[in-house]
Structures are given as C-alpha cells and as structure tokens.
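Student: Pasting a structure below so you can have a look.
The values are calculated or read from the model by the stated rules, or taken from the named source; none is laboratory data. This is a predicted model, so every value here is computed, not measured. Here the Cβ positions follow ideal geometry from the backbone for every residue, glycine too, while neighbour counts run over all protein chains shown. The accessibility values were calculated without ligands, DNA or RNA, using every heavy atom of the protein model including side chains. Shrake-Rupley method; radii C 1.70, N 1.55, O 1.52, S 1.80 Å.
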Amino acid sequence: MKIVDMKVRCVAIPMNCMLRHNTGVHPGYLLRTILELITDEGIVGLGEVGGGDSRAALLKLKPRIIGMNPMDLEAIKMKVLRSIYYISNSRLYGAIEIACLDIMGKAFNVPMHQLLGGKLRDSIPMIAYLFWRYDRPGGGHDTCAEDMADFCVQLNDELGVTAMKLKAGVMDPMEEVKVLQLCRQKLGDDFGLRIDPNGVWSVATAVKAGHRMEELELQYFEDPSWGIEGMKAVREQVRIPLATNMYPNKFDDLGPSVHMRSIDIILTDLHYWEGPRGVKDLIAVCRTFNIGVAMHSGAEFGIELAAMLHTASTIPQMTMPGDAHYHYLEDDIIQGGKLQYVNGAIKVPEGPGLGVVLDEEKMDKYERYYEKMGDYYARFHQDPYNPNWYPIVGGI
C-alpha cells in the first residue's frame, strides 16, 4: 500500500460567541486545515491541524511522503519531522500521523484505538471550558465573575460536565480567582476546578492568586507564569498541582522540566507531542517520573477530536476530564453533525480508523465561509471592542 496523493482544504466554522484570551480574541469562528491522504488502494485517511491556513506548508511536505507506505510511520516521521537540522514540523506531522492511522484502521477494519493498544474506557469525560465572551448568545459580554460562574452552571446543566477550566489572563487576576470561588460555592466540593492564565501572570501575582485558591482544592493551576523558571518559582510557593501545555510542550524541554521539578501534570496534545504515538511516548516518560497527564484542546473539529478520544481511551493515567473548545462550535464537518456530550462525556467513535467521515456538503459550505471570513491569525491579537489594546505578557 502506498500514499499516492494528498489533498488539503481550509474550513472555518462559526462559534456561538467570541472568545477572549490573554493575547487577543477568537473573532467568532474557528478554522482548521483538513488533510486527506489517498492510497493506491483507494483508502482515504483524514487529518486536521490548526494554527491558521496550513495548506501551503502541508503541500511542501507532499513530495516527501508520496510513494510511502502509511504504516512506515517512523520513516515518515524522519522525513517530515526530523528534517532540516531537526527543525520541528510537529503540528503538521501530527495531522499526517492521524491520517496514516486512519488509513491503517480502515485497511485492517479496526478502530484507531486498537492500533494504540486498545481502549480502556468507552467514553472520555470533558470539561466546561470557560472563556470570557464577547457577543454571548442572547447578547452582551461577560464582564464579572458572576457572569462566568453562571455560565459554568449553565454548562453543567446542559452538558453534564463535572469540571471546568477558566481561560484567565483577561480580567483583573483577583476577579478571575473569584470566578473559581463562586463556582465552588454554586457547584459543590466535588466539582473540578482549573485555571489557566497562559503564563501571563508574574510570579508574585501567581503566588498571591494561588494562595487564595489553595482552599478551593483545584485539580490544577495551569501555566501561571512565564517559562520553566517561572513555573518552578510558583510551584515552590503554592500548594496546588501545576499543569502545563506551554513549558514544556515538546520533547526538547521535557528533560529540563523534569530535572527542575517545575511541573506536576502535562497536558498532552496530538500536535505538540508528535501525533498519537508521540503522546504514548510522552506518557511513558511521565509514568517514569510520576508526572500526571491530562488532555489539551487546540480548538479542534471532529476529525482531531475523534483522534483525541481514541488516544485518551488507551491511556490508564488519563483519568481527569479532557479540555475541549467543542461546545462553542455551531456545527462540524463530519457526517451526523457534532459528536454529542452524554453525562459530561463524549463517546469514543466506533467504526474503522477514526470512525468519522467527512460531510462533503458541510466541507463545501465551510470552505466558502473560510473564503469569506479569511485567516483570522492576521488579526488574532486585535480586540474589536478595544482597538488600541495589545497583549502585555508578564506584567500583570
């Protein structure tokens, strides 16, 4: 079996609001580049990657993988990821590996999770991912901690989720701490709490916030301050487990983080950590050093979400609910529509490979929507309601 063609398309799907974060605003839609690898046997494998329009970057890699057997993933990884003085194409490689695993699953008529060791659970619990919102459903913006706590209660009622994560670094840090305090009051002691300032808080601010949150018994405090040194400084002073998808988010920085004891939990990502098989490599290291693991969200659509669910289902240590932006999306590009939350969890798809199929009508619709809206990374850091705003990292 050989790969004989690669097709790439960029699509954008509307969200039900605009999501704020410490470096800007998602402007009401999310976009992904969809990859199709075609074999000489007519099998099509699906992959997906974020980070803006990645069509040109993927097509530059096309000559390196045409003619290769999709089962020769180590060789494909060397040609795609370990090339040009080991400059990393990890985001792109992750999409290619997902597509190759999809091909393999279809060829052998087995779900992707069986290629990764087999599933240990049938569904994966997910969180309520809380962002400060502009243009909420029904109108208005989130302006205070009470708004966000009410939103958390709403998602608990609608989706059945049993944990939340606040994307912080937007409002005053103590107002963001108040969100978690209110959620604890409203949802009880068993509801999981997390907060993620994406490294924007100074060590002093992170320590102050952390001390206020210690009594809330958070599942974790994610990326409170900038860099491995900042993480280490906070971890030494705050009695909350520290998690990261920033320091480290690649194997190059994993050793220093372990030696410096800067982290307690790593949030795995199929693109940062070199595909589903790379995540399994990461898990082995984490098990060796007693580091916890959870699942990171990269604003994925149904193809990558399916890959995340398959991968997570095979990892014994991954017992905490996973992150997902998915509940903000208005639609999806897969047949049958969006994957459903049932009692706060999403079922691992059945069927060969990823277990999801592209809906070509939706692909056409959201390709045209992307062409209309454009690549938002050109204006990703702009705030439409505060045009003079710009990100300030480390100064809060």
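Student: Give me log10 I(q)/I(0) at q = 0.12, 0.13 Å⁻¹ for the stretch 243-396, Debye formula, one equal scatterer per alpha-carbon, no solvent.
Tutor: After summing over all Cα pairs, the log10 values are -0.67, -0.77.
Student: Using a 1.4 angstrom probe on the protein heavy atoms only, could you order Met171, Met112 from most to least accessible area?
Tutor: Greatest to least solvent exposure: Met171, Met112.
Student: Rolling a 1.4 Å sphere over the protein heavy atoms, what is the accessible area per residue of the chain, to the nearest Å²? Before the final figure, lay out the partial values.
Tutor: Working: 15730 Å² over 396 residues.
Value for the chain: 40 Å² per residue.
Student: Just to make sure I understand: if all protein chains stay in place, what is the order of Glu97, Glu360, Glu36, Glu350 by accessible area at 1.4 Å, largest first? Kindly include the intermediate steps, with their values, before the conclusion.
Tutor: Working: Glu97 0, Glu360 95, Glu36 25, Glu350 120 Å².
Descending accessible area places them as Glu350, Glu360, Glu36, Glu97.
Student: Calculate what fraction, in whole %, of the accessible area of the stretch 328-385 sits on carbon and sulfur atoms when a 1.4 Å probe is rolled over the protein chains.
Tutor: 47
Student: Next up: Let me make sure I get this right: for the stretch 1-108, a, b and c are the square roots of the gyration tensor eigenvalues over alpha carbons, sorted descending. Under 1.5 in a/c it's rounded, otherwise prolate if a/b > b/c, else oblate. Which is it? All intermediate terms of the calculation are to be shown ahead of the outcome.
Tutor: Working: a/c = 2.60, a/b = 1.66, b/c = 1.56.
Taking the square roots of the gyration eigenvalues as a ≥ b ≥ c, the stretch 1-108 is prolate.
Student: Taking a virtual spin label 7 Å from the Cα of Arg136 along the C-beta vector, which residues in the stretch 298-333 bring their backbone nitrogen under 16 Å of it?
Tutor: 328
Student: Apply the a/c threshold of 1.5 to the C-alpha gyration tensor of the stretch 306-392 and tell me whether it is rounded, prolate or oblate.
Tutor: On the way: a/c = 2.72, a/b = 1.43, b/c = 1.90.
Oblate.
Student: Further question on the same structure: If ligands, DNA and RNA are left out, what is the accessible area of Met71 with a 1.4 Å probe, given in Å² to the nearest 10?
Tutor: 80
Student: Where does each of Ser123, Ser90, Ser262 land when they are ordered by accessible area, with a 1.4 Å probe and the largest first?
Tutor: Ser123, Ser90, Ser262
Student: Give me the percent of the accessible area of the stretch 135-195 that comes from carbon and sulfur atoms, probe 1.4 Å, all protein chains in place.
Tutor: Result for the stretch 135-195: 43 percent of the exposed heavy-atom area is carbon or sulfur.
Student: For Asn343 and Tyr369, what is the calculated FRET efficiency with R₀ set at 25 Å and r taken between the beta-carbons, to the nearest 0.05?
Tutor: That pair, Asn343 with Tyr369, gives E of 0.20.
Student: Can you pull the one-decimal nm distance between simple spin-label points at Glu214 and Glu360, each 7 Å off the Cα toward Cβ?
Tutor: Calculated label separation equals 6.1 nm.
Student: Under 30 Å Cα-Cα from Lys60, which lysines qualify once same-chain neighbours fewer than 8 residues away are excluded?
Tutor: Lys2, Lys7, Lys77, Lys79, Lys106, Lys250, Lys280, Lys362, Lys365, Lys372
Student: Still on this structure, please answer the following. Let me know the charge dipole size of the chain about its Cα centre in debye, to the nearest 20, where only the beta-carbon of Lys, Arg (+1) and Asp, Glu (-1) is charged. Let's see the in-between values first.
Tutor: Numbers: 41 positive and 52 negative charges, 178 e Å.
Roughly 860 debye, rounded to the nearest 20.
Student: Using a 1.4 Å probe on the protein heavy atoms, what percent of the accessible area of the stretch 13-99 belongs to carbon and sulfur?
Tutor: Numbers: 1740 of 3120 Å².
So the carbon and sulfur contribution to the accessible surface is 56 percent.
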